[in-house]
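Asker: Below you'll find the structure I mean.
The values are calculated or read from the model by the stated rules, or taken from the named source; none is laboratory data. Because the structure is a prediction, the values reported are computed rather than measured. Positions of Cβ are backbone-derived with ideal geometry, glycine not excepted, and every protein chain shown enters the neighbour counts.
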Amino acid sequence: MKAPSIAGPAIRVQGLKKSYGKREVLSGVDFDVAPGSIFALLGSNGAGKTTTVRILATLLKADAGTASVNGFDVATRPANVRESISLTGQFAAVDEILSGRENLALVARLRHLKDPGAIADDLLRRFSLSEAGARRVSTYSGGMRRRLDIAMSLIGDSPVVFLDEPTAGLDPEARIEVWNAVKELAGCGTTVLLTTQYLDEAEQLADRIAILHQGRIIVNGTLAELKQLFPPAKVEYVEKQPTLEEIFLAVIGGDDKSDATGTTTGGRR
Amino acid sequence: MTAYFFNDTVALTGRTLRHVTRSVDTIITTAITPVAMMLMFVYVFGGAIDTGSVSYVNYMLPGILLMTIASGISYTAYRLFTDVQSGIFERFQSMPIARSGVLWAHVVTSLVANLISLVLVMGVALLMGFRSGAGVSAWLAVAGILLLFTLALTWLAVIPGLSASSVEGAGAFAYPLIFLPFVSSAFVPTRTMPGPVRWFAEHQPVTSIVNTIRALFAQQPVGDDIWTALAWCVGLLVVAYVFAMAAYRRKIA
């Protein structure tokens, strides 16, 4: 079932175009994503991030251009593409009426894996959802849902994972939980395409960042490269005030997550 | 991927069936309108309606059963609409599964949910004095026609389920279907109706289906009604299926 990873880019997008009626959403998008890296597609609302992801996930057909995932063309080899990917975030979802465990076991069954129950239990543990595992998802908080959502994407070890605005609408604490999950994912060699409108999220997670604006990629590079494009940094001496986010997290005491506190005390990478 | 069609459809059907068993209220709601109608017609209006030698509850049960199905399939549309809306439909479509299994799971679930409601309504009818001396083959024929009618209306429900833009829209298509039995032979003999109404009542699908089921329960010959009924059901099924698949293809691009 599992599609092996290939040499060359994990995702290749060339001249991608898409219009909804007369409104052109993508007007020639090009980018490559290297295997095992985290690539952030940054853009404001309506920039075409979700449209790009939906085309790559074989949910939408492009008007022009080509796109391939894990070496398979999305238009001509959609079944192979679906074997290579997992989609989560804005347009992926969890079943509210089932329990967290049942959601995970269902995905494991649909990926034709042995012992779906054991896979579910293992992921519940890894995502600190064991206690809530038997409860209906409708009782979960936003952060728990998103964690479950990401856990569902890990089943089957897809070489490529799409995360469409994975932290939209989450509180700061839940956002850090999701960030940690994404880092763990990339740590295992998975290629991650992340869309976001939060600049700090791209800065925190991504190896490469591309800015999608008015249907085109206007900038594409590492954070260091992006920084060089703009006026050089000036050295100023400013008293370091904690951000409101840091205050918030310190006050509510995020000590239960060691990584989270690491971030709040300024240990950004 | 078609090799997994059966496995995937079973897994997805298990999921949608849990939606039904965990919201028993939808089955009760499906059954409650037909049961209320049955109580009202049998105990309030029934005495004034001349149905000859047939007891009124026996007379109107077939129409009530069709009404049960018509109200049941609005939940089919609702369940499918919720899947599309929540994004779980897209999650399944982006997975390496037999994609049409998602739709078939909803269809099978619709058949099961409607069967439960039909049994419930039938139980109430028995308490109210419905009796039939029909043999096994007649009962099977009744079950077959009801199943075919449910299947046809289920595929009809798939269309708004996939393409509606609001919950209300997804369920609203069922209302005319629920009221169709009123302008048919379901509750009163059509001969008492004025010309144009009578013409409509005698040429719409409910009348032929109701007459067939009534004849089967009463152990009378079904005549040509059964062929008209089957033609309506199969015709509706084919048309609904074609449009549902067109809506599905638009959805999955």
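Asker: Quick one: in the range B:93-137, of everything that is under 25 Å from A:N80 (Cα atoms) and small (G, A, S), which residue is nearest to the other protein chains (Cβ to nearest Cβ)? Give the derivation first.
Answerer: Step one: of the range B:93-137, the residues under 25 Å from A:N80 (Cα atoms) are B:93-105.
The next check asks that each one be small (G, A, S); those that pass are B:94, B:98, B:100-101, B:105.
On the way: B:S94: 4, B:A98: 9, B:S100: 13, B:G101: 9, B:A105: 11 Å.
By that ranking, first place goes to B:S94.
Asker: Say whether the condition of being more than 12 Å from every other protein chain (Cβ to nearest Cβ) and on the phi < 0 side of the Ramachandran plot is met by at least one residue in the range B:9-18.
Answerer: Within the range B:9-18, none of the residues are more than 12 Å from every other protein chain (Cβ to nearest Cβ) and on the phi < 0 side of the Ramachandran plot.
Asker: Going through A:V29, A:V81 one at a time, which residue ends up being in the same structural domain as A:D207 (by TED's automatic domain parsing), under 22 Å from A:L205 (Cβ atoms), buried (at least 23 other Cβ atoms within 10 Å of the Cβ) and among the aliphatic types (A, V, I, L, M)? I'd like the intermediate steps shown before the answer.
Answerer: Numbers: A:V81 fails: under 22 Å from A:L205 (Cβ atoms).
Sole residue among the options that is in the same structural domain as A:D207 (by TED's automatic domain parsing), under 22 Å from A:L205 (Cβ atoms), buried (at least 23 other Cβ atoms within 10 Å of the Cβ) and among the aliphatic types (A, V, I, L, M): A:V29.
Asker: When the range A:126-148 is examined, which residues are found to be of a type in the set (A, V, I, L, M), within 14 Å of another protein chain (Cβ to nearest Cβ) and in a loop (DSSP other than H, G, I, E, B)? Spell out the reasoning first.
Answerer: To start, the set of residues in the range A:126-148 that are of a type in the set (A, V, I, L, M) comprises A:129, A:132, A:134, A:137, A:144, A:148.
From what's left, within 14 Å of another protein chain (Cβ to nearest Cβ): A:134, A:137, A:148.
Scanning the range A:126-148 gives a single hit, A:A134.
Asker: Taking helices (runs of 4 or more DSSP H) that do not extend beyond the range A:37-125, which have at least 2 residues that are touching a residue at least 60 places away in the same chain (Cβ under 8 Å)?
Answerer: Those helices (runs of 4 or more DSSP H) span A:49-56, A:78-84.
Asker: Tally the residues that are facing chain B (nearest Cβ under 10 Å) and over 21 Å from the mean Cα position of the chain (by Cα), restricting the search to the range A:70-95.
Answerer: Start the filter on the range A:70-95 by keeping residues that are facing chain B (nearest Cβ under 10 Å), which leaves A:78-95.
From what is left, the residues that are over 21 Å from the mean Cα position of the chain (by Cα) are A:79.
Number satisfying all stated conditions: 1.
Asker: So A:D115 fits all but one of (1) acidic (D, E); (2) closer than 26 Å to A:S37 by Cβ; (3) exposed (fewer than 15 other Cβ atoms within 10 Å of the Cβ); what number is the exception?
Answerer: (2)
Asker: Shifting gears a bit: Failed condition for B:E90, given (1) in contact (Cβ under 8 Å) with a residue 24 or more places away in the chain; (2) at the interface with chain A (Cβ under 9 Å from one of its Cβ atoms); (3) crowded, with 20+ Cβ neighbours inside 10 Å, with all others met?
Answerer: Among (1) in contact (Cβ under 8 Å) with a residue 24 or more places away in the chain; (2) at the interface with chain A (Cβ under 9 Å from one of its Cβ atoms); (3) crowded, with 20+ Cβ neighbours inside 10 Å, the lone unmet condition for B:E90 is (1).
Asker: So if I check each of A:G46, A:G65, which one is surrounded by fewer than 22 Cβ atoms within 10 Å (Cβ to Cβ), more than 21 Å from the chain's Cα centre (by Cα) and more than 13 Å from every other protein chain (Cβ to nearest Cβ)?
Answerer: Values: A:G46 fails: more than 21 Å from the chain's Cα centre (by Cα).
Criteria check complete, one pass: A:G65.
Asker: Taking the condition of being in a helix (DSSP H, G or I) and either buried (at least 20 other Cβ atoms within 10 Å of the Cβ) or among the hydrophobic types (A, V, I, L, M, F, W, C) (or both), how many residues in the range B:175-193 meet it? Reasoning before the result, please.
Answerer: We begin by selecting, within the range B:175-193, every residue in a helix (DSSP H, G or I); these are B:175-183, B:190-192.
Imposing the further condition that a residue be either buried (at least 20 other Cβ atoms within 10 Å of the Cβ) or among the hydrophobic types (A, V, I, L, M, F, W, C) (or both) reduces the set to B:177-183.
Going through the range B:175-193 one residue at a time, the tally reaches 7.
Asker: Only one of A:I209, A:I218 is within 18 Å of A:L56 (Cβ to Cβ) and at pLDDT 80 or above. Can you tell me which?
Answerer: Numbers: A:I218 fails: within 18 Å of A:L56 (Cβ to Cβ).
Exactly one of A:I209, A:I218 is within 18 Å of A:L56 (Cβ to Cβ) and at pLDDT 80 or above, namely A:I209.
Asker: If you don't mind, another one. Conditions: (1) surrounded by fewer than 12 Cβ atoms within 10 Å (Cβ to Cβ); (2) outside any helix (DSSP H, G or I); (3) not basic (K, R). B:P196 meets all but one. Number of the miss?
Answerer: All conditions pass for B:P196, except number (2).
Asker: When the range B:71-87 is examined, which residues are found to be closer than 12 Å to B:P160 by Cβ and either of a type in the set (S, T, N, Q) or within 9 Å of chain A (Cβ to nearest Cβ) (or both)?
Answerer: Listed by number, the residues that qualify are B:S74, B:T76.
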